[in-house]
Structure formats: C-alpha cells, structure tokens
Amino acid sequence: MRESILEMQGVTYEYAGGFSALREVNLRVTRGSRTALLGANGSGKTTLLAHLNGTLRPASGRVVFNNRPVEYSRHGLASLRQKVGLIFQDPDDQLFSARVYQDVSFGPMNLRMAEADVKQCVNDALKAMEIEELWDRPTHMLSYGQKKRVAIAGVLAMNPEVVLLDEPTAGLDHDGTEKLIATLDALHTRGTTLLLATHDIDLAYRWADEVAVVSDGAIVQHGTPEAVLCNAMLVTSAQLNTPLMLEISVLLRELGGLAEEAPFPRTREEMLTYLRVLVDQRAAGRSL
C-alpha cells in the first residue's frame, strides 16, 4: 500500500446556523498521487479542501499530515501551510500585493529566508508557471488566466509537498486549461502530491490516478477513475455525468471492439489512436 501523506479521519463541520457541510469524512491521500475530488456545486468540496490546509478546523474528527495530527496553534498552522498549499477558485481572493514579484515572494519572506533564497524561490516558481516576463506586472493588469498562474506560483514558491486546487480550470479557455494541466503534470513528475476539486468529470477521468466523489458533505466512493465512474447509479446520484471517453470505451467493449483485459483509453489522443488501429485491423480482416 502506498504511503499516506494527508488524511481526514471522521471529520465533521458545521457552518453558523447549524448547516452541516461535512459529515464523518474519511479521506486518505497517498504521497505522489493525483487525486480528483468530484462533486456538484455545494457538495462540500471547497469546505473539505479548507480543512486540509488548516483554514477551517473540524468540529469533530481530525486531519493528519505526514502521520501527525494537525496542531491548530499559530506555529502548527504556519508549518502545515508551508507544506500544504491551497489555491482558491477565484485568484482575486488570493492575490493582494501590487505587483507579481511582491505577491509571489510573500510566503518565502514570511519564512524569514535570506534575500537571495527568496529571489531564487520566486524565480523558480515563475519559471515553473511560464510567467517570468510578468514579474514586475501590476496584478490588477493581469488577465484572468495570468492571475490563476500567479496565484499558483505564490504557492509553489513555498516548495510545498502537497498542492490543493479548487476548480483550477474554472474560467479558463481550452488553451489555458491545457497549459495548466501540463504544469500540474510537471509538478507531479517532481514528486508533488496534487489534489484538485472539480465538477469537470472528463478532466478528472483523463488526469487523475484516483477520484473521490463528494455528495451532501460525505465521501461516497474513492478509488480508481474506472472503478468509481463506471458506477452509473453513483454518478447520477452525485449529480455528475459519465466521462465521454469512458462511455465510448464501455460501448466498444460491449460491441467486441475492446478486449476485456485491455485498458480503457482515457484521453482523446489515446482513443483516436486506438480507433485508428481498430479501423485498420477491421479493414485488413483481422480481429483484435
């Protein structure tokens, strides 16, 4: 079994007025994984993420990081947030400095790093997000996509072990989404654990190693994308749709065009490649 880096154990949380936002949530995030948190709007995804970096404190249950329960002291929370970075859905909720360099350097400076080390952290983060040319740009003059990338750079400058993202592709066009996913993949290659909340089930299916479905403040299922999202009753009850690539794969298998032992294509490119091979084989009179 892969090592756990971040866990929620029986976490319950209520907002003022008695609204139950999380109900006995158990979630285990494995080190180095790419996990998608799926659910409809209002299902509890954002509240769950806010608990994982200590922004919110459970009414009951506990959050565990690197096998140690989170301490809600000033020092404990500062230590947690250095290692577990949270990126909000709206970058305007995260950017508060006048210029890009100031904003991205805020975290490292609070760690009392030497000036040269701060500069290196900021430059590395800007390079990772491919926005080096924006270093002196006023934040209010950035496009929405640029603001997203600066907000992520501000978290990366802290060199976190885990990055949490709340609806990271919301408001981005196709090109912006693809660039962001490529950046996340590069972070994953470096060993960063990634957990993103989204209602984009097609994105989750092609990108994630694991998916956890949130419904009415509870985790209703957690596993591989294929195992979880093939459950049509679960997907419907959680107000989600079955990913298109998964629907096509299931149909191909039912029609005999995809062997039982063959993995399902998960991306558009994988599906097109498979279909081209299938067409060529059928045209040549060969079976799979």
Note to self: Tell me the residue from THR198, THR224, THR236 that is modelled with pLDDT under 95, within 24 Å of LEU52 (Cα to Cα), of a type in the set (Val, Ile, Thr) and surrounded by fewer than 17 Cβ atoms within 10 Å (Cβ to Cβ), please.
What the structure shows: THR224
Item checked: From PHE106, PHE65, PHE96, residue being under 21 Å from ALA157 (Cβ atoms), aromatic (Phe, Trp, Tyr) and surrounded by fewer than 14 Cβ atoms within 10 Å (Cβ to Cβ) -> PHE96
Next item on the list: Scan the helices (runs of 4 or more DSSP H) fully inside the range 196-258 and keep the ones with 1 or more residues being without any contact (Cβ under 8 Å) to a residue 12 or more places away in the chain.
Entry: 225-229, 232-237, 244-254
Checklist line | Tally of residues being part of a strand (DSSP E or B) and open to solvent by less than 40 Å² (accessible area, probe 1.4 Å) across the range 21-62 | finding: 10
Notebook entry, point to check: Give me the pairs: first residue in the range 110-123 and closer than 21 Å to ALA78 by Cα, second residue at pLDDT 85 or above and open to solvent by less than 60 Å² (accessible area, probe 1.4 Å), beta-carbon distance under 6 Å, and six or more apart or on different chains, which are they?
Noted result: VAL118/SER105; VAL118/PRO108; CYS121/PRO108; CYS121/ALA157; VAL122/VAL104; VAL122/SER105; VAL122/ALA157
Check: Quick check: anything in the range 168-175 within 30 Å of ALA78 (Cα to Cα), within 17 Å of the chain's Cα centre (by Cα), in contact (Cβ under 8 Å) with a residue 12 or more places away in the chain and surrounded by 22 or more Cβ atoms within 10 Å (Cβ to Cβ)?
Finding: yes
Next item on the list: State which residue pairs qualify: first residue touching a residue at least 60 places away in the same chain (Cβ under 8 Å) and inside the range 42-61, second residue of a type outside the set (A, V, I, L, M, F, W, C) and assigned to a loop (DSSP other than H, G, I, E, B) in any location, beta carbons under 7 Å apart, and separation of 6 or more residues or different chains.
Entry: SER43/ASP216; GLY44/GLY217; LYS45/GLY39
Note to self: I'd like the full set of residues that are crowded, with 22+ Cβ neighbours inside 10 Å and out of contact with any Phe, Trp or Tyr (no Cβ under 9 Å at 6 or more places or on another chain), limited to the range 208-218.
What the structure shows: ALA208, ALA212, VAL213, VAL214
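The values are calculated or read from the model by the stated rules, or taken from the named source; none is laboratory data. Small disclaimer: the values here were computed from a predicted structure and weren't measured. We place every Cβ from the backbone using ideal geometry, glycine too, and count neighbours over all the protein chains shown. Just so you know, the surface numbers come from the protein's heavy atoms only, side chains and all, with ligands and any DNA or RNA stripped out. Shrake-Rupley method; radii C 1.70, N 1.55, O 1.52, S 1.80 Å.
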